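Notes follow once the structure below has been shown.
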Amino acid sequence: MKAQEQANIRELPIPDLKLQLKDCEEKLFNLKFKNSISRLKNGLEIRELRKHKARLITWLRQKEIAETKKAVPV
């Protein structure tokens with residue numbers, strides 16, 4: 001994934017990030033299922049999707065933490 005695409009995704013609001021995460025999880029499940037039946041042409045797709053999922057979870061958590069800091073003044 002290119003840096004520009006990552007920057008665009010990172011700026012999405014929380015509901016859109018959750019939607020992207022759900023979509024990524026579904027794609028990952030389908031790829032793993034296809035791989036168990038027969039070998040994929042590009043086996044690295046699973047690795048890239050796992051990394052993308054981890055990035056999405058990280059960005060989502062960062063936004064949630066930032067929102068809680070805004071909500072609770074110290």
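Read-outs throughout are calculated quantities, based only on the coordinates presented, and are distinct from any laboratory measurement. What you are looking at is a predicted structure, and each value in this text was computed from that prediction instead of being measured. Here the Cβ positions follow ideal geometry from the backbone for every residue, glycine too, while neighbour counts run over all protein chains shown.
Annotations
- Note on LYS70 and GLU26: with the Förster distance fixed at 22 Å, the Cβ-Cβ geometry gives a FRET efficiency of about 0.10.
- Under the simplified labelling scheme, the LYS18-ASN35 pair shows an inter-label distance of 2.8 nm, with each label point 7 Å from Cα along Cα→Cβ.
- Counting other Cβ atoms within 10 Å as a rough exposure proxy, the listed residues GLU45, GLU64 run GLU64, GLU45 from fewest neighbours to most.
- Under 13 Å, Cβ to Cβ, from GLY43 - net charge with Lys/Arg +1 and Asp/Glu -1: +4
- Kirkwood hydrodynamic radius of the range 3-71, Cα pairs, Å: 13.2
- Nearest-ten-degree value, helix 14-37 long axis tilted from longest Cα axis of the chain: 20
- Environment charge at GLU11 (Cβ cut-off 14 Å; Lys +1, Arg +1, Asp -1, Glu -1): +1
- Packing here is the average count of other Cβ atoms within 10 Å per residue, and on that basis the peptides 21-28, 1-8, highest first, run 21-28, 1-8.
- Taking each of LYS18/LYS70; LYS22/LYS69; LYS22/LYS70; LYS18/LYS69; LYS2/LYS53 in turn, the alpha-carbon distance tops 24 angstrom for LYS22/LYS69; LYS22/LYS70.
- Proximal aspartates and glutamates relative to LYS27, as straight alpha-carbon distance under 15 Å, when same-chain residues fewer than 8 apart are discounted: GLU45, GLU48
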